[in-house]
1. May I ask you to list the residues in region 1-53 that are surrounded by 10 or more Cβ atoms within 10 Å (Cβ to Cβ) and on the phi > 0 side of the Ramachandran plot?
2. Can you tell me which residue within region 84-99, out of those that are outside any loop (DSSP other than H, G, I, E, B) and touching a helix residue (DSSP H, G or I) at 6+ places or on another chain (Cβ under 8 Å), is nearest to residue 35 (Cα to Cα)?
3. So residue 74 ticks every box in (1) closer than 17 Å to residue 31 by Cα; (2) surrounded by 11 or more Cβ atoms within 10 Å (Cβ to Cβ) but one. Which box is left unticked?
4. Only one of these is exposed (fewer than 11 other Cβ atoms within 10 Å of the Cβ), at pLDDT below 80 and outside the structural domain of residue 6 (by TED's automatic domain parsing): 64, 58, 112, 125. Name it.
5. All but one of (1) outside the structural domain of residue 7 (by TED's automatic domain parsing); (2) touching a helix residue (DSSP H, G or I) at 6+ places or on another chain (Cβ under 6 Å); (3) modelled with pLDDT of 80 or more hold for residue 132; which doesn't?
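The values are calculated or read from the model by the stated rules, or taken from the named source; none is laboratory data. Keep in mind it's a predicted model, so treat the numbers as computed, not measured. Here Cβ is always computed from backbone atoms with ideal geometry, including for glycine, and neighbour counts include all displayed protein chains.
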């Protein structure tokens, strides 16, 4: 993790040098996230424009431990070739993930419509009007 820390320090030092203040950092994925991928003699740096996992569709107010991620539940439903019109039976019904995803699919709702924070929103040049138009 030392290399990750050095990359982070270099980035925030550059911000401080150019802007006069140091950006806040931390382990929470609430803003732009930089990833270092290092193998043998080569390293690459990536910026994460999504933030929290896209597999979490964002409709749970208080996320608990569900046995199945939302994206996997949706993929499972699509794999059944359900027609969106016939009754949907959810025999497992524990946390409701499969039933919620089926309802979203049946009503033609897209994953992530309930999310309000993506990492790209914290990047220079982010245009909220474009985002809102695409979301609509």
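1. Across region 1-53, the qualifying residue is only 51.
2. Among residues in region 84-99 that are outside any loop (DSSP other than H, G, I, E, B) and touching a helix residue (DSSP H, G or I) at 6+ places or on another chain (Cβ under 8 Å), the one nearest to residue 35 (Cα to Cα) is 97.
3. (1)
4. None of the other options fit; the residue is 64.
5. Among (1) outside the structural domain of residue 7 (by TED's automatic domain parsing); (2) touching a helix residue (DSSP H, G or I) at 6+ places or on another chain (Cβ under 6 Å); (3) modelled with pLDDT of 80 or more, residue 132 violates only (2).
Matching residues to (1) within 30 Å of residue 9 (Cα to Cα); (2) over 16 Å from the mean Cα position of the chain (by Cα); (3) part of a helix (DSSP H, G or I):
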position: 43; (1), (2), (3): yes, yes, no
position: 58; (1), (2), (3): no, no, no
position: 82; (1), (2), (3): no, yes, no
position: 103; (1), (2), (3): no, yes, yes
position: 109; (1), (2), (3): no, yes, no
position: 125; (1), (2), (3): yes, yes, no
position: 129; (1), (2), (3): no, yes, yes
position: 132; (1), (2), (3): no, yes, yes
